[in-house]
Amino acid sequence: MTKRTIALCGAALLTLQQAASVSAVEIDIQGFIRAELAPKLTSDENPFNQNSNLFNGRLANRDSSLLGGAADTVIRGVPDGSGDANNWHNYFAMRTEIDFNAYFNDKWTGYAKVRGMYQPDTYDSFGDPNFYEVPFFNGNSSGSRLELAGSDYMLDLPAFYLDYADGPLWLRIGNQQIAWGESLFFRVLDVPNGLDLRRHLILDLVAEEFADERVSAPGIRGSVRAGNWEFEAFAQMFNPSIIPNENTPYNLIPSQFVVQQEQGFNEVKDDINFGARIQGQFGDLGMQFIAVRRTNPDGVFRWTTSNVNGDLPGIPGSGLALQATPFEVGNQGVLSAEEWFTYAGITRLDGVQALNRAIGEFPASALLGAFEVGDSFELASQELDLFFQLSGGLRGHIERRYREEDIFGVGANYILSAEPGSFLDQLVVRGEVTFTPDKTFTSPDLAQDFLVEDEWAGSLVLEKYHRFSNDFPATFMVLQYLYKSESDLAGRHLSGFGGSINNGPTGEDNFQAVAFAVQQAFPNLVWRVDLSVLYDLNGGSLIQPNVRWKPNNDYTVEVFANIITSDGGNNDIFEPLEWADELGIRLTWQF
């Protein structure tokens, strides 16, 4: 832990001790133990992993005039000789959470959550999967300051704070999540914290609204009320979003590439994010305004030098030049132009221009005979096939960097009044809009100069509780629309969309999606059914039905499905996840 973190935790414990010394402390402890399982619904595997690469065991079918048409002799395999992965599940883990609620006096309360995860090595992957270790905190192994992690386990304090309330003043001091905005699926005003995608990506229950994924960090948050208005502000230590490691079930970056994260993180690990929000009423209209200055936790990516000294086969001394390029020799890398352009399309990159940047921005590439190809798809294909076959495969290196940004937002909500009991009566209409000037994006060509664009994001939400029958509790329903001007839900710039094995990206003008969710509890609240749908207007969808059975206070069984569809074309957000159709099962014992 850093000195700053230790000081913050020490201050919180000292305050707790002082509060406990003047009054009796009441502590309530509760928690659960849960088995979480996601069996696969199809035989499809994650194409971004080494053992399930789309080209394993296949011949490259692209001829190369530079090699006399010999490109069809290349066979894509994996170093240990294994073929495709053979998994019956995407996810299997044991989880425990223990909540501590402490009451010190009328002004001071405290809360701590201890979370433990264990994920046994039952996933068929290349090598030993590293589910949790990431190169950030605590000896470059943990994803946050109050976390201990190993390859198959993590133990952390996602919440550890004190609350102080005195009339209109409220303060929260310690490790915490800051959740703003109320859009389901969409994070429009919800900008203070990044996401931890190591456990189950974003494929947990939609109704939980990123509660398990949102990354907490030490900070101070407070608010003051004056009449119908509330002013809130926070200062919080930076914590990056956490992406899944290579060759783990939900890896999103192809294993043909190495992601260097340490240097970029070390540059910003001591950054502090700031934000303020004003909420209040103008008559019947509820309003909120936010302003946030943050280091974007998602980061941006670009080519970087591999620093790996390995000669090209038959060319002694070539490794000295190769280590100053973004590549290293290895059959875990790309072995054909066909593979290069296929994965460029899937990951929303520009295969031709990414090649040009890997050559033009790294002078050592010219020492190996590489040359820029302009806009020529054919020349790029020939050059790629030549180098992949001469080398036996090249693995690319990219680095993750973080940039500051300012976000300004406004939200509004209005409750309609109509004939009592009618569908329109008490219908809640919400809207959220943010503007981020000069936002930094990964360039689809992985250039050293990132893209910088102004971005607008907005959502319109209709929300309603309606009782269709006197025999059942009210049904909760929500319908939403989302618009983003420059990027998709994952933050990928839209100019990289539409590429394929045969052409570069065509780009998209904007991103639009709609979402619908319905939740129905049964009499006695033993059963509950949900349905959540997210539809990308470019032709992809996530459909999640869910059934929950809670026979008593001790046990809960939840079964849900993630059904993902895409119409192809590399222009919707779901095509890279279409392989992940699965059944989610959660068996929980509460205590």
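Would you pick out the residues in segment 466-490 that are out of contact with any strand residue (DSSP E or B) (no Cβ under 7 Å at 6 or more places or on another chain), small (Gly, Ala, Ser) and closer than 30 Å to Ile346 by Cα?
Answer for segment 466-490, where residues must be out of contact with any strand residue (DSSP E or B) (no Cβ under 7 Å at 6 or more places or on another chain), small (Gly, Ala, Ser) and closer than 30 Å to Ile346 by Cα: just Ala490.
Identify, from the list Ser485, Ser422, the residue that is in the same structural domain as Ala276 (by TED's automatic domain parsing), of a type in the set (Ser, Thr, Tyr) and either closer than 30 Å to Asn56 by Cα or modelled with pLDDT under 95 (or both).
On the way: Ser485 fails: either closer than 30 Å to Asn56 by Cα or modelled with pLDDT under 95 (or both).
So the residue among Ser485, Ser422 that is in the same structural domain as Ala276 (by TED's automatic domain parsing), of a type in the set (Ser, Thr, Tyr) and either closer than 30 Å to Asn56 by Cα or modelled with pLDDT under 95 (or both) is Ser422.
So which residues in segment 556-580 are among the acidic types (Asp, Glu), surrounded by fewer than 20 Cβ atoms within 10 Å (Cβ to Cβ) and not in a strand (DSSP E or B)?
Start the filter on segment 556-580 by keeping residues that are among the acidic types (Asp, Glu), which leaves 558, 567, 572, 575, 578.
Then drop every residue that is not surrounded by fewer than 20 Cβ atoms within 10 Å (Cβ to Cβ), which leaves 558, 567, 578.
Matches in segment 556-580: Asp567, Glu578.
Say we look at segment 455-501 and pick out the residues that are assigned to a strand (DSSP E or B) and among the hydroxyl-bearing types (Ser, Thr, Tyr); which of these is nearest to Gly411 (Cα to Cα)? If you could, list the steps in order and put the result at the bottom.
Initial filter on segment 455-501 (assigned to a strand (DSSP E or B)): 455-466, 475-484, 487, 493.
Keeping just the survivors that are among the hydroxyl-bearing types (Ser, Thr, Tyr) gives 459, 465, 475, 481, 483, 487.
Values: Ser459: 9, Tyr465: 21, Thr475: 25, Tyr481: 14, Tyr483: 15, Ser487: 21 Å.
In this case the residue turns out to be Ser459.
Quick check on Ala165: is it part of a strand (DSSP E or B) and small (Gly, Ala, Ser)? Show your work before the answer.
Values: part of a strand (DSSP E or B): yes; small (Gly, Ala, Ser): yes.
Taking the combined requirement at face value, the residue satisfies it.
Being surrounded by 14 or more Cβ atoms within 10 Å (Cβ to Cβ) and at pLDDT below 95 narrows it down to one of Ala24, Ala85, so name that one. Walk me through it before giving the result.
Values: Ala24 fails: surrounded by 14 or more Cβ atoms within 10 Å (Cβ to Cβ).
It is Ala85.
With the checklist (1) surrounded by fewer than 16 Cβ atoms within 10 Å (Cβ to Cβ); (2) outside the structural domain of Gly314 (by TED's automatic domain parsing); (3) assigned to a loop (DSSP other than H, G, I, E, B); (4) of a type in the set (Asp, Glu) in hand, flag the one item Asp375 doesn't pass.
The one condition Asp375 does not meet is (2).
Any chance you could count how many residues in segment 222-265 are among the aliphatic types (A, V, I, L, M), surrounded by fewer than 17 Cβ atoms within 10 Å (Cβ to Cβ) and either assigned to a loop (DSSP other than H, G, I, E, B) or in contact with a Gly (Cβ under 8 Å, 6 or more places away or on another chain) (or both)?
Going through segment 222-265 one residue at a time, the tally reaches 3.
Look at Gln288 and say whether it is among the polar types (S, T, N, Q) and within 24 Å of Thr442 (Cα to Cα). Outline the logic, then answer.
Details: among the polar types (S, T, N, Q): yes; within 24 Å of Thr442 (Cα to Cα): no.
So Gln288 does not fit the description; no.
Look at Gly351 and say whether it is modelled with pLDDT under 95, more than 20 Å from Glu455 (Cα to Cα) and buried (at least 16 other Cβ atoms within 10 Å of the Cβ).
Working: modelled with pLDDT under 95: no; more than 20 Å from Glu455 (Cα to Cα): yes; buried (at least 16 other Cβ atoms within 10 Å of the Cβ): yes.
Spelling it out, it is not the case that Gly351 is modelled with pLDDT under 95, more than 20 Å from Glu455 (Cα to Cα) and buried (at least 16 other Cβ atoms within 10 Å of the Cβ).
Out of curiosity, is Arg430 on the phi < 0 side of the Ramachandran plot and of a type in the set (D, E, K, R)? Before you say what the answer is, go through the steps one by one.
Details: on the phi < 0 side of the Ramachandran plot: yes; of a type in the set (D, E, K, R): yes.
Yes.
Given the options Arg357, Arg294, Arg348, name the one that is of a type in the set (Lys, Arg) and in the same structural domain as Ile501 (by TED's automatic domain parsing). Before you say what the answer is, go through the steps one by one.
Values: Arg357 fails: in the same structural domain as Ile501 (by TED's automatic domain parsing); Arg348 fails: in the same structural domain as Ile501 (by TED's automatic domain parsing).
None of the other options fit; the residue is Arg294.
Collect the residues in segment 118-151 that are in a loop (DSSP other than H, G, I, E, B), of a type in the set (D, E, K, R) and farther than 12 Å from Asn245 by Cα, keeping them in residue-number order. Explain how you work it out, then say what you get.
At the first step, the residues of segment 118-151 found to be in a loop (DSSP other than H, G, I, E, B) are 119-136, 138-141, 143-146, 150-151.
Keeping just the survivors that are of a type in the set (D, E, K, R) gives 121, 124, 128, 133, 145.
Within segment 118-151, Asp121, Asp124, Arg145 meet the criteria.
Considering each residue of segment 210-221, count those that are farther than 30 Å from Tyr123 by Cα and surrounded by 19 or more Cβ atoms within 10 Å (Cβ to Cβ), and give that number.
Quick first cut of segment 210-221, residues farther than 30 Å from Tyr123 by Cα only: 217-221.
Still in the list and also surrounded by 19 or more Cβ atoms within 10 Å (Cβ to Cβ): 217-219, 221.
Counting residues in segment 210-221 that are farther than 30 Å from Tyr123 by Cα and surrounded by 19 or more Cβ atoms within 10 Å (Cβ to Cβ) gives 4.
From Ile98, Ile75, which residue is out of contact with any Asp or Glu (no Cβ under 8 Å at 6 or more places or on another chain), modelled with pLDDT under 95, surrounded by fewer than 19 Cβ atoms within 10 Å (Cβ to Cβ) and hydrophobic (A, V, I, L, M, F, W, C)? Walk me through it before giving the result.
Working: Ile98 fails: modelled with pLDDT under 95.
Every option except Ile75 fails the conditions.
Taking Gly458 and the conditions (1) closer than 27 Å to Val292 by Cα; (2) over 21 Å from the mean Cα position of the chain (by Cα), which numbered condition does it fall short on, given that it satisfies the others?
(2)
Output the number of residues of segment 197-254 satisfying the condition of being of a type in the set (Gly, Ala, Ser) and closer than 27 Å to Pro47 by Cα. Working first, answer last.
Taking segment 197-254 and keeping what is of a type in the set (Gly, Ala, Ser), we get 207, 211, 216-217, 219, 222-223, 226-227, 233, 235, 241.
Next, from what is left, pick out any that are closer than 27 Å to Pro47 by Cα: 241.
Adding up the residues that qualify gives 1.
Scan Asn251, Asn296 and give me the residue that is over 24 Å from Asn130 (Cα atoms) and at pLDDT 95 or above. Explain how you work it out, then say what you get.
Numbers: Asn251 fails: over 24 Å from Asn130 (Cα atoms).
Every option except Asn296 fails the conditions.
Among the residues of segment 355-372, write down those that are assigned to a loop (DSSP other than H, G, I, E, B) and crowded, with 16+ Cβ neighbours inside 10 Å. Can you show your working first?
Taking segment 355-372 first, the residues assigned to a loop (DSSP other than H, G, I, E, B) are 361-363, 368-372.
Scanning segment 355-372 gives Glu361, Phe362, Leu368, Ala370, Glu372.
All but one of (1) of a type outside the set (A, V, I, L, M, F, W, C); (2) in a strand (DSSP E or B); (3) more than 25 Å from the chain's Cα centre (by Cα) hold for Asn553; state the number of the condition that does not hold.
The number of the failed condition is (2).
Quick check on this structure: which one of Phe516, Phe497 is at pLDDT 95 or above, within 30 Å of Ala344 (Cβ to Cβ), of a type in the set (Phe, Trp, Tyr) and outside the structural domain of Ala380 (by TED's automatic domain parsing)?
Numbers: Phe516 fails: within 30 Å of Ala344 (Cβ to Cβ).
On inspection, the qualifying residue turns out to be Phe497.
Would you check if there is a residue in segment 301-310 being β-branched (Val, Ile, Thr) and within 30 Å of Val215 (Cβ to Cβ)?
Yes, segment 301-310 contains a residue that is β-branched (Val, Ile, Thr) and within 30 Å of Val215 (Cβ to Cβ).
For Ser255, work out the one condition from (1) assigned by TED's automatic domain parsing to the domain that holds Gly222; (2) over 30 Å from Asn503 (Cβ atoms) it doesn't fulfil.
(2)
The values are calculated or read from the model by the stated rules, or taken from the named source; none is laboratory data. None of these values were measured; they are calculated from a predicted model. Cβ: placed from backbone, ideal geometry, glycine included. Neighbour counts: every protein chain shown.
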